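Notes follow once the structure below has been shown.
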Amino acid sequence: MINIDEIVKGRGTAESRWAKFGPYYAMFPIDFAFKVVKKYSKKGDFIIDPFAGRGSSIFAGGVLERHSLGIEINPVGWLYGSTKLNPAEQQLVLDRLDSVYKLRNRYTKSIEKLPEFYRFCYCDEVLKFLLAARKNLKWQTDTVDATLMSIIIVYLHGKLGEGLSNQMRMTKSMGMNYSIEWWKEKGYLFPPEINPLDFIIKKIKWRYKNGTPKIADSSILFGDSSDELEKITQRAKDTKIKFSLLFTSPPYWSITDYYADQWLRLWMLGESAVPKSNAHKHKGRFGSKVEYYKLLDDVFGYCSKIMDADKSTIYVRTDKREYTFNSTLEILKKHFPLHTISIKKQPFKGKTQTQLHGNTSKENGEIDIILTKK
Ligand SMILES: C[S@@+](CC[C@H](N)C(=O)[O-])C[C@H]1O[C@@H](n2cnc3c(N)ncnc32)[C@H](O)[C@@H]1O
């Protein structure tokens, strides 16, 4: 059995190499995900994460031989999570890369029509390749295409030399105008000349160096938990499956906009070339207290129907700020009235979601709400 140290310190296993796959906002530290799964469940148990993000909880569950089920609404998070659970065979991904790369010259004219941002961000060779991948990869339905696309979006932007772009942050796509001004001001006037074929081949070979992870029956659904859980609760009832661990981190009220923060990766996945705010109630910043409360109430309400009433744990990491914390606690108490509650403040370690937004106040930070029933 894989041990946590190997995963966290990267002692050269396939599991450690794939565990951190996908830069995402507000992600669980890998060691934390493994420790929680290990402490609160056992081999063969069922685990659920209705706000799976890049899938760390589900990956840890799968590696540790628990049946693990995630749900994620954001295509970027979903693609990272589902790829790390089931990457396609390396040679098939390399062959697909080669075939997509060969299509790049069809897009010579199209790159001229893109907004100025793209010409500052990518050299022509990269941009033509990105358009060919964007148009031709069927990432929603084909595992080889999904694996290739997810590897491309990991490296879509980042530090100069580490990604395909001009100098940018890796976790978050900055705004178009902001980026252009920044590049001009700091003298990054030309994007790096990169051969995208050689670049992505190297990244694929690095990722597959130790093979692919061994994962027990686990998957992540692409969708809205408040819809998907209705069907899942019905199926769990029919099959008499009871979940032992609910392990999640919901969005924080009014803090992160997972769509705006990933706008450039979402463009690669087919959305608009110009970032637009998403009108869907669960795809924005969660500004409405009423909608936020309702989402958590619905999701934890459904989950309460599939958790083992005699013996289960609900482990929720959330924002310490008043509205998010108080509502989450109230909702959890309502749906799990017979569980015992404990609360653990999380000291600042590395970059938390709230710190990434420039908040360094000791008043804020994250907090774990743990409900147990033995
Ligand atoms: C705090 S993040 C979870 C991060 C995750 N623990 C990780 O390690 O990557 C919350 C996630 O919930 C997702 N989300 C928000 N509303 C959702 C909904 N209605 N259904 C499914 N996922 C949702 C967001 O897209 C975001 O990825």
Computed over the range 90-207, the convex hull of the Cα set has an average projected area, in nm², of 7.1 nm²
May I ask which of LYS135/LYS209; LYS109/LYS135; LYS42/LYS320; LYS20/LYS205; LYS84/LYS373; LYS35/LYS203 have a Cα-Cα span longer than 22 Å here?
LYS135/LYS209; LYS42/LYS320; LYS84/LYS373; LYS35/LYS203
Rounded to the nearest 500, what is the chain's calculated 222 nm mean residue ellipticity when only DSSP H runs of at least 4 contribute -39500 (n - 2.57) each, over all residues?
-13000 deg cm²/dmol
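For the pairs LYS240/LYS311; LYS172/LYS283; LYS242/LYS374; LYS43/LYS334, note any where the Cα-Cα span goes beyond 26 Å. It would help to have the intermediate numbers written out before the result.
Values: LYS240/LYS311 15 Å; LYS172/LYS283 16 Å; LYS242/LYS374 14 Å; LYS43/LYS334 29 Å.
Flagged as over cut-off: LYS43/LYS334.
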So what's the angle, to the nearest 10 degrees on a 0 to 90 scale, between helix 124-136 and the longest Cα principal axis of the chain?
50 degrees
Amide H neighbours of MET307 under 5 Å, counting only residues 5+ apart in sequence or on other chains, H built in-plane at 1.01 Å?
PHE243
Please tell me the relative contact order of the range 233-338 in percent, rounded to the nearest whole number, where contacts are Cα pairs under 8 Å and at least six residues apart.
42 percent
Rounded to 10°, Cα long-axis angle of helix 289-306 versus longest principal axis of the chain
60 degrees
Scoring the chain by relative contact order with C-alpha pairs under 8 Å, at least six apart, yields a percentage of 19 percent
Pull up all non-local amide H partners of MET174: gap of 5 or more, or a different chain, and H-to-H distance under 5 Å with H placed in the peptide plane.
ARG169
For the chain, taking Cα atoms only, what is the radius of gyration to one decimal and the Dmax to the nearest whole Å?
20.9, 64
Which of ILE341, ILE314, ILE151 fluctuates most in a GNM of the chain (C-alpha springs under 10 Å)? That residue is ILE341
Treating only the Cβ of Lys, Arg, Asp and Glu as charged (+1, +1, -1, -1), what charge dipole size does the chain show about its Cα centre? Round to the nearest 20 debye.
580 debye
Over the range 90-207, what is the relative contact order in percent, taking alpha-carbon pairs closer than 8 angstrom and at least six residues apart?
30 percent
Kindly express, to the nearest 10 degrees and within the range 0 to 90, the angle between helix 75-85's C-alpha long axis and the longest C-alpha principal axis of the chain.
80 degrees
Rounded to the nearest 20 debye, what is the charge dipole size of the range 206-278 about its Cα centre when +1 sits on each Lys and Arg Cβ and -1 on each Asp and Glu Cβ?
460 debye
Peptides ranked, highest mean first, by Cβ atoms within 10 Å: ranges 225-231, 49-55, 322-328:
49-55, 225-231, 322-328
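Read the figures in this text as sums done on the coordinates, not as results from a lab. Model, not experiment: these values are computed from the prediction. Because the Cβ atoms are built from the backbone with ideal geometry, glycine has one as well, and the counts that use them run over all protein chains shown.
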